[in-house]
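The values are calculated or read from the model by the stated rules, or taken from the named source; none is laboratory data. These numbers come from a predicted model, not from an experiment. Reconstructed Cβ throughout: ideal geometry from the backbone, glycine too, with neighbour counts over all protein chains shown.
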C-alpha cells in the first residue's frame, strides 16, 4: 500500500533556496545549453509527491525518472525561446507575478527577519515565564477613561473584589488562566509581572482595556516537563514572532506613506451586491459558509457584465478591473459565513485592501531590485523554465489535429492496433488544500477511505458511490489517468491540483482493453476522437523532445546523480510568504521519460 503522501506547510521551507548556495554550482545533468544543478534536482525531488520511494532501489529509479523529465523540461525551454514564446504577454505577466511574490518574500527577510533579534536575557526571562501559569481575575472595559477611573479607586487588593461597577459602564468581570504563549502579548506581559494579590495598571489589548489581579502562580506542567533545548527553541520562536509582528506594523506605516491604493466605491458596491445575490441563491439550509467557486464566479460575471472591464482598484503602478478581481476571488477561495452575508461590502473591501497591500509590497520589492538577488533569481529561473516548458507543450498541442478519416481508422482498429488502457479509481475531491489536510488526517487515524469521501467530497455523486469511478481511459482526466496506470491496485496518490479542486485517489483496478459503453456511433466517435488526439499529442511531444535531444545534446552525470542525498518521504511543500500568502515551493515536474527510448525522426516535428 502506498503510504499517505504528507502535505507539509513549511515557512521558508526546509532546504529553502534562500538558506544556502550549496549545490547550485554542482551539476547532475545537461540539456543543450542548460545545466541542471544538484540543488534544483534535490528540491524538485524532495518537495513534490511521487510514487515508489520506500526502498533504495526504488529511489534510484525515481531519481533517474525525474532526471530524464527535467532534461525534457530544459529542452522544451530552449525550444520555446527559439520560438520567442518568452516574449508572449501571458508569459511576461505570469513571471512578473512570480517576481513580485518572491521579491516580497525577500523584502520580508531584509526588512523584518534580519532586523529582529532575540537577546539572551529575553530567552532566560521567557523560559522562566513559560514554566509557570497565572490565574487572574480581570475587569474588561470598552472605554479607556472608564478603565482608568476604576483603576484609580482600587487602592488595595481587596478593593478589586469589592468594587461595584456602575451599571452604565460597558464592563464585565471574569477569570482566566494565563499560559505563556497563548494570551495576547500585552495581557501576558502584564500578568507575568504580578505576584499573588497584586493588581495591574490598565492594559490595552485587542479592542479593549483590562485591569488584572493575580490570584495565584502555579507551575505549568507542559512547559516544565519539556527538555531544556526544546523549550528554548519554543521560547525563541515565540519572542521572534511577536517582535516580527511589531516590526511589520512599523515597516508598513513607513513604507506606505507615499503609496497609492484605493478602490472605486461604485463598482465595488455593484460587485458586492452581485456576490450577495449569487451567494444567497447558492446557500443551502445546512451550509454555514459559501465559497466563490468557478460556477459562482460565472453567475457573478453575468450580473456585472456591463462593468467587467471597468477599473475597480488602483494599486501603485497597476490596476485591477472588476473581472480580474472576480478571478482573484476564485483563486483565493473567497468565503463568507451565513451571518456576514449581508455585510458583503465591508468584507470585500477588507480582503481587497489586504491584497492591495501585498501587491504594493511586491512592487516595492521589485523596485528595490530584490528579485535580482542571486538566491531569488535562482528561484525565479526554476519557475521561468517550468512556465516556458508548459507553454511549449501547449504550443505543441495546438499543432496536433485529427481528421475524420483518422478517427474512423482508429475506431476500426481499437481492439488490436492501439488500445487505450483503462483504470478505475476511488477519488476524494475537496475544494481546498485545508479541507484535504483535514480529510487526510482522519484517514491516517484509520477512518475508512469511503467514509472520508462521503464526509469531505465536494462531488455529490461521489458521496453516494463512495468515490468509486467507472473505468475510464488513462488519456482522460489528466494527469490522473496516466498516474493511475503506473500504480498498482490499492496504492494511493495525491494530493494534486486538478482544475479548481484538490484530488487524492486510490487505484482500484486497471485493464488494457477498453470498454465502450456508448452504443451510439456519434458518442463512440467523439470519444475515439478525444483518445486519438491525446495519443497523437503525447506521441508528437515524445518525438519532438527526442529530436531536440539529438540536435542539442544532453548528458546525465550518473555518478553525481547517485550521490545526491534524498529522503524516501514524498511530500508537497508550500512556501508561506513574508507579509502573507503562499505558493508552491517548486513547480510540478511533468513525467516525461519515453523520449529517451524513441528514435528521433528525420523530418521536422514542429514548425
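Only one of these conditions is not met by residue 364: (1) in contact (Cβ under 8 Å) with a residue 40 or more places away in the chain; (2) closer than 30 Å to residue 256 by Cα; (3) under 20 Å from the mean Cα position of the chain (by Cα). Which number is it?
For residue 364, the exception is condition (3).
Which of the residues spanning the range 223-264 are assigned to a loop (DSSP other than H, G, I, E, B) and within 17 Å of residue 353 (Cα to Cα)?
256, 257, 258, 259, 260, 264
Considering only residues of the range 284-328 that are at pLDDT below 90 and over 26 Å from the mean Cα position of the chain (by Cα), which is nearest to residue 255 (Cα to Cα)?
Ranking the candidates gives 317 first.
Among the residues of the range 178-206, which ones are farther than 19 Å from residue 154 by Cα and either in a loop (DSSP other than H, G, I, E, B) or more than 35 Å from the chain's Cα centre (by Cα) (or both)?
Scanning the range 178-206 gives 180, 181, 182, 183, 184, 192, 206.
Return the residue satisfying two criteria in turn: it lies in the range 548-607 and is assigned to a loop (DSSP other than H, G, I, E, B) and in contact with a strand residue (DSSP E or B) (Cβ under 6 Å, 6 or more places away or on another chain), and of such residues it is surrounded by the most Cβ atoms within 10 Å (Cβ to Cβ).
Checked the range 548-607; the qualifying residue surrounded by the most Cβ atoms within 10 Å (Cβ to Cβ) is 585.
What residue, of 521, 471, is surrounded by fewer than 20 Cβ atoms within 10 Å (Cβ to Cβ), over 28 Å from the mean Cα position of the chain (by Cα) and modelled with pLDDT under 90?
Matching residue, one of 521, 471: 521.
Residue by residue, here is whether (1) assigned to a helix (DSSP H, G or I); (2) touching a strand residue (DSSP E or B) at 6+ places or on another chain (Cβ under 6 Å); (3) farther than 30 Å from residue 591 by Cα holds:
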| position | (1), (2), (3) |
| --- | --- |
| 342 | yes, no, yes |
| 356 | yes, yes, yes |
| 376 | yes, no, no |
| 385 | yes, no, no |
| 388 | yes, no, no |
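Limited to the range 304-328, what total is found for residues that are free of Cβ contacts under 8 Å to residues at least 40 places away in the same chain and within 18 Å of residue 359 (Cβ to Cβ)? It would help to see each step written out before you state the result.
Of the residues in the range 304-328, the ones free of Cβ contacts under 8 Å to residues at least 40 places away in the same chain are 304-306, 308-309, 319-321, 323-324, 327-328.
Among the residues that remain, those that are also within 18 Å of residue 359 (Cβ to Cβ) are: 319-321, 323-324, 327-328.
Matching residues across the range 304-328 total 7.
Mind checking whether some residue in the range 481-499 is outside any loop (DSSP other than H, G, I, E, B), surrounded by 14 or more Cβ atoms within 10 Å (Cβ to Cβ) and at pLDDT below 80?
yes
Can you tell which of 129, 103, 147 is in contact (Cβ under 8 Å) with a residue 60 or more places away in the chain, under 30 Å from residue 382 (Cα atoms) and surrounded by 15 or more Cβ atoms within 10 Å (Cβ to Cβ)?
Of the residues listed, the single one that is in contact (Cβ under 8 Å) with a residue 60 or more places away in the chain, under 30 Å from residue 382 (Cα atoms) and surrounded by 15 or more Cβ atoms within 10 Å (Cβ to Cβ) is 103.
Quick one: which of 92, 78 is assigned to a helix (DSSP H, G or I), in contact with a strand residue (DSSP E or B) (Cβ under 7 Å, 6 or more places away or on another chain), at pLDDT 95 or above and surrounded by fewer than 21 Cβ atoms within 10 Å (Cβ to Cβ)?
None of the others qualify; the one that does is 78.
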